[in-house]
Amino acid sequence: MARPVIAASLIGALIGCGQAWCVALVIGRALTGAEIPSLAIPVVVFVVLAAVRAVLMATGDIMAARAGEQARARLRGEIVASMLRVGPSLLRRSHSGALASLAFDRVEALDGFFARWIPASVLWIAQPFLVGVVVACVSPSSALVLLCCGLFVPFAQAVFGIGAARASRSQFLAMTRLQARFLDRIRGIATIVLAGRSQHEAERLAQSAAELRQRTMRVLRVAFLSSAAIDLAMVVALVLVAVHNGQALLHLRSAGGVDSIAVVRALFALILVPEFFAPLRSLALAYQDRAHASGAAESISELFGTTDAAETALPDTSWLKSLGGSVAVTFDDVGFSWAEERGPSVQGVSFHVAVGDILLLCGASGAGKSTLIELLLGFVAPDTGRILFNGRDAAGLTPQDRSQLISWIGQKPMLFAGTVRENLLLGRPDADEAALRSALQAAAAETFVMMLPQGLDTLIGEGGFGVSGGQAQRIAIARAFLRDAPVLVLDEPTAHLDPVSEAEVFEALRRLSAHRTVIVASHSKAISQLAGRRLDLEHGQIRRGRIVA
């Protein structure tokens, strides 16, 4: 993608050399008393070359912008695909605000890396070399001066580049912390206001913003120092070339006269000094883009570079296609610990849920019910033992694979800002109107949905804002009906509901669980309405080592 940009820049540099010769020719002839008509041709040629170069520069900028856009789109797609492949377990390692910053803001900031740094990383050598060769043809000593001054720039860039990379990383961390804090406070704004902590949290956000400002200024400070180093080198080169060629012209004058061609060559070498340093200046500006890219690459590596081999080298999952609507679930001596110092959350858990059976996970808070659910959903992987679907190991299944097998309804269903229809279609995007109505009827949700102002097209807020808890739960159940997955997993599906809403939800769940393999975790006494086998958990282990009816 960068090759056309590089080619356009090199051709533009050659045209710039032609323009410099025209300018030197006009000034040289004017200084030596040439007639005005003889200056017309160089002026016309200069104007034509300027127009051609302008077109080339515009074309190069457009191609660079397109290359940056395509690269950012590809990188963002790969990051989002990696997030989906790793699944919800990614949130165990990183804040959602940091993930949003990485996938959007940070990738967008990489525009300069693809559009400027990649071409500049080639042009900073190729273009000065090309200009230097042209200068050497008319003034070898001036080319030597340019070479010596140009060699100073990479050393200065290396020194300031180390500082720029560090400053950019610290700036990214400050920005990520600010975004994560802001997202958390927006989500919990009601709690903050009711607790009377709004002023305190506003001050904390202001402190985080001030920290980001300070670190951003450090990045700019290093950038200015880097530019100053190039300006210094260019000024030194200009002075040396001017002094050297001036002395040469004085020597020629004292020896018997100065011809116009000598003046033109001296001016030509002097005019090309900025052209020689132009790509080095572009490199200095693009070096900050490289520093941003380095920080983003480290962040991506931290998130996705530590995944297990099972996540990158998946086993053959073609057996999923043969499962149909019949899936048995087996936990074989499964153990898991959230943290070593806290001990195992579940240990030695083994049970089998046959096709069409219902398993009720019971136990006090902290007994391990939700951990077993998260293990089954693939949010975390077991430390010991295996989880089997129809006797086949589920290790390595992607979230997409598991979504073919499992429907999940949690304590607080996730409803997104949008219409009721859009939230239902998350379960099956290709569902028609009849399928939607059928799912709503099965979930005992059709009556209240049709009473909403716009029915299925009624807008609801994020998290189900605008509907009651029981209504939100029944919308989630209707979504599960649409998915029609063979395994149904319920984690406290009636938590925080009143008895009437709880009874309605359990009635809908009883219809949903027919002919499915169901695993339910709940404290509610009404769980007995589902009439399944019962597994009592205590301190992460099966109480009395058996499943009771």
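The values are calculated or read from the model by the stated rules, or taken from the named source; none is laboratory data. No experiment lies behind these values; they were computed from the predicted model shown. No Cβ is skipped: glycine too gets one built from the backbone with ideal geometry, and neighbour counts run over all protein chains shown.
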task: Please work out which residue is farthest from I387 (Cα to Cα), limiting yourself to segment 487-516 and to residues that are modelled with pLDDT of 75 or more, in a loop (DSSP other than H, G, I, E, B) and over 40 Å from the mean Cα position of the chain (by Cα).
output: A514
task: Out of S260, S294, S282, report the one residue that is small (G, A, S), at pLDDT below 70 and touching a Lys or Arg at 6+ places or on another chain (Cβ under 9 Å).
output: S294
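Condition check ((1) charged (D, E, K, R); (2) in contact (Cβ under 8 Å) with a residue 60 or more places away in the chain; (3) at positive phi; (4) not in a helix (DSSP H, G or I)) across all residues:
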position: L146; (1), (2), (3), (4): no, yes, no, no
position: V159; (1), (2), (3), (4): no, no, no, no
position: S170; (1), (2), (3), (4): no, no, no, no
position: T176; (1), (2), (3), (4): no, yes, no, no
position: I186; (1), (2), (3), (4): no, no, no, no
position: H200; (1), (2), (3), (4): no, no, no, no
position: R215; (1), (2), (3), (4): yes, no, no, no
position: L220; (1), (2), (3), (4): no, no, no, no
position: I230; (1), (2), (3), (4): no, yes, no, no
message: Residue pairs, Cβ under 6 Å, 6 or more apart or interchain, first in segment 1-28 and assigned by TED's automatic domain parsing to the domain that holds A73, second buried (at least 21 other Cβ atoms within 10 Å of the Cβ) and polar (S, T, N, Q). List them.
response: A13/Q127
query: So which of R437, R474, R428 is of a type in the set (K, R) and assigned to a loop (DSSP other than H, G, I, E, B)?
result: R428
query: If we scan segment 70-85, do we find a residue that is under 30 Å from G16 (Cβ atoms), surrounded by fewer than 13 Cβ atoms within 10 Å (Cβ to Cβ) and at pLDDT 80 or above?
result: yes
- prompt: Name the pairs whose Cβ atoms lie under 8 Å apart, with the first residue in segment 44-65 and free of Cβ contacts under 8 Å to residues at least 40 places away in the same chain and over 10 Å from I15 (Cβ atoms), the second surrounded by 14 or more Cβ atoms within 10 Å (Cβ to Cβ) and β-branched (V, I, T), and 6 or more positions between them or separate chains?
  reply: F46/V23; F46/V26
message: Tally up the residues in segment 446-482 that are under 15 Å from E422 (Cβ atoms), modelled with pLDDT of 80 or more and not β-branched (V, I, T), please.
response: 11
